[in-house]
Amino acid sequence: MRDLSDSFPPGKTGCALFLQGPPSRFWSDLARGFSAVGWRVEKILISPADALFWSAGPSTRFSGDLDEWRAFFQARLRDNDVTCVFLYADRLPHHRVAINICRRIGVPVYVIENGYLRPDWITCEQGGMGRYSEIPRSADAIQAMAIGLPEPDLRPKYPHKFFQEAWREVAFHLCNGLTPRRFWRYDHDRYYHPAYDYAQYLLKFLRAPWIDDHVKKSCTDLFMNDRAFYFAPLQMQTDYAVRENSDYAHIRAMIKEVIASFARHAPKNSRLLFKSHPHDNGAEGWGRIIRRTAKRHRIGRRVCLIESGPFGSLVAASKGVIVINSTSGLHAIRAFKPVIALGDAVYDMPGLTHQSGLDSFWKKPDPIDMRLVEDFVRVLAHRYQVKGSFFNPRGRRRAVRAIVERITGKIVPSDSPRRTPIAATEPAMAQSERQLAS
């Protein structure tokens, strides 16, 4: 298994090419980190929002259609003598093409994403994520890789206010979605148009008092009356991890499959609790789909949906957790709760998740190997993650230094990237529950 530091001899200089990045200053800070150790940096501006968040060095605008992207990208690799490529969200259309080209000619691609071990971790994985990941799926391989690795520091250190993330996300996608094509021929490739997407969030905000009341009543019923229940935290329909790393074209198919199996095979006195993703805009109407499906199977009183709630407490109180491939599943595994992953997940392997099918999960879930959980977390933390944050300035600096040092073998000077005031923080648990997802 390749470690990031195996890619280049220590001290080697090169050229880092950046494609689309997160809605944050992180891309610019990371580029400055590479510049500080003598590397050249280059940015391809694929979308209007790329220009909005880039301020770290040379850039080239790509304003063609996706059909023209292959030739353009190959030319930039050749002309800049590119050593490695960085991108965020590996299944975006331009990124899929870029990864295939780089794999063919031997240029390493590093996928930077929200961490598997959230909060306070960033994924830095070579090649791809999900079903495209190089993380081994066997206990023997994980345990061999874990030998000699120390326990990671999992304490949250870099929280940020929700607004710090939200306004950048909104600005990023509105900039891409509302820029006229006569100025920039870019397909934002969003499941919803950004204007519709954020309008749905406004409607959800207006419904917040009713949502909070419903959540309190549902959780009180489960906890105070000691109801036995299974927990199914939903992902978002917009999530590439669902569409690209599972066999579900739509989450409604997963909901129907889970409810049907629960009706046939779960203990008769148990319940099934679905929970919306914290960032779900409500456009899909999961509650309506769940009610109709449960009614069809004559278990309407045993199945419900809540739109928010104490994630950690719900996992702890449940009999087991059902996910497609969300990082919520890894959170549940770390709490030693039975988990079944219905899609491709990096943690889906014997000893961590149930392997015998959904119908048997309800009554006889496979046991969790606690030693394997510890080894898996160590391997993730030291081989595929770096400690840090996209939005907290101190967290950005720490992540930048870790990534640059792993890849180049050089230490980033302490005064680079530029220091910025540390933002106000909020309780880490609230941040953790918002970030669990997808």
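The values are calculated or read from the model by the stated rules, or taken from the named source; none is laboratory data. Quick caveat: nothing in here was measured; it's all calculated off a predicted structure. Cβ atoms come from the backbone with ideal geometry, glycine included; neighbour counts cover every protein chain shown. Keep in mind that these areas ignore ligands, DNA and RNA; they rest on the heavy atoms of the full protein, side chains included. Shrake-Rupley method; radii C 1.70, N 1.55, O 1.52, S 1.80 Å.
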Extend 7 Å from the Cα of His297 along its Cα-to-C-beta direction; within region 317-355, residues with backbone N under 14 Å of that point are 322-323
Quote the accessible area belonging to Met236 in square angstrom, nearest 10, computed with a 1.4 Å probe and with ligands, DNA and RNA left uncounted.
40
In order through region 244-259: 3J(HN,Hα) via Karplus (6.51 cos²θ - 1.76 cosθ + 1.60), integer Hz, x for Gly, Pro
9, 10, 7, 8, 8, 6, 9, 5, 4, 5, 5, 4, 5, 5, 5, 5
For the pair Glu257 and Val97, how long in nm is the line joining their label points, each one 7 Å along Cα→Cβ?
3.2
Compactness ratio of region 63-143: Cα Rg over 2.2 N^0.38 Å, N = residue count?
1.25
Classify region 222-332 as rounded, prolate or oblate from the Cα gyration tensor: take a ≥ b ≥ c as the square roots of its eigenvalues, call it rounded if a/c is under 1.5, otherwise prolate when a/b beats b/c and oblate if not.
oblate
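How large is the accessible surface per residue of region 36-168, computed with a 1.4 Å probe and reported in Å² as a whole number?
Solvent-accessible surface per residue comes out at 42 Å².
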Counting only the heavy atoms of the protein chains, how much of Arg32 is accessible to a 1.4 Å probe, in Å² to the nearest 10?
30
To the nearest 10 square angstrom, how much accessible area does Asp247 have with a 1.4 angstrom probe?
140
Residue by residue through region 399-406, what is 3J(HN,Hα) from phi via Karplus (6.51 cos²θ - 1.76 cosθ + 1.60, θ = phi - 60°)? Round to whole Hz and write x for glycine and proline.
5, 4, 4, 5, 5, 4, 5, 4
Pairs of alpha carbons in region 61-106 whose separation is greater than 15 Å (percent):
41
Working out 0.36 nm times the residue gap between His382 and Gln355, then minus their Cα-Cα distance, what length gain in nm do you get to one decimal?
7.1 nm
Post the alpha-carbon centroid distance, region 22-45 to region 261-276, in whole angstrom.
48
Report in % the part of the accessible area of region 4-107 that belongs to carbon and sulfur, leaving out ligands and nucleic acids; probe 1.4 Å.
48
Over 27 Å (Cα to Cα) - which of Lys161/Lys410; Lys161/Lys256; Lys275/Lys319; Lys157/Lys364 fall in this group
Lys161/Lys410; Lys161/Lys256; Lys157/Lys364
At a 1.4 Å probe radius, which order do Lys319, Lys363 fall into by accessible area, largest first?
Lys363, Lys319
For Gln385, distant residues with modelled amide H under 5 Å away:
Cys124
Of all accessible heavy-atom area on region 281-359, the percent that carbon and sulfur account for (1.4 Å):
46
Using unit Cβ charges (K, R positive; D, E negative) and no other charged atoms, how large, in debye to the nearest 20, is the dipole of region 40-102 about its Cα centre?
120
Set of region 41-55 residues, backbone N closer than 17 Å to the point 7 Å along the Cα-Cβ line of Ala171
47-55
Taking only the Cα positions of region 321-370, the convex hull volume per residue in Å³ is 62
Taking only C-alpha positions in region 296-405, Rg and Dmax in angstrom work out to 17.1, 58
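Express the accessible area of region 286-373 per residue in Å², computed with a 1.4 Å probe while the remaining protein chains stay in the model.
43
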Magnitude of the Cβ-charge dipole of region 277-412, K/R +1 and D/E -1, about the Cα centre, nearest 20 debye?
400
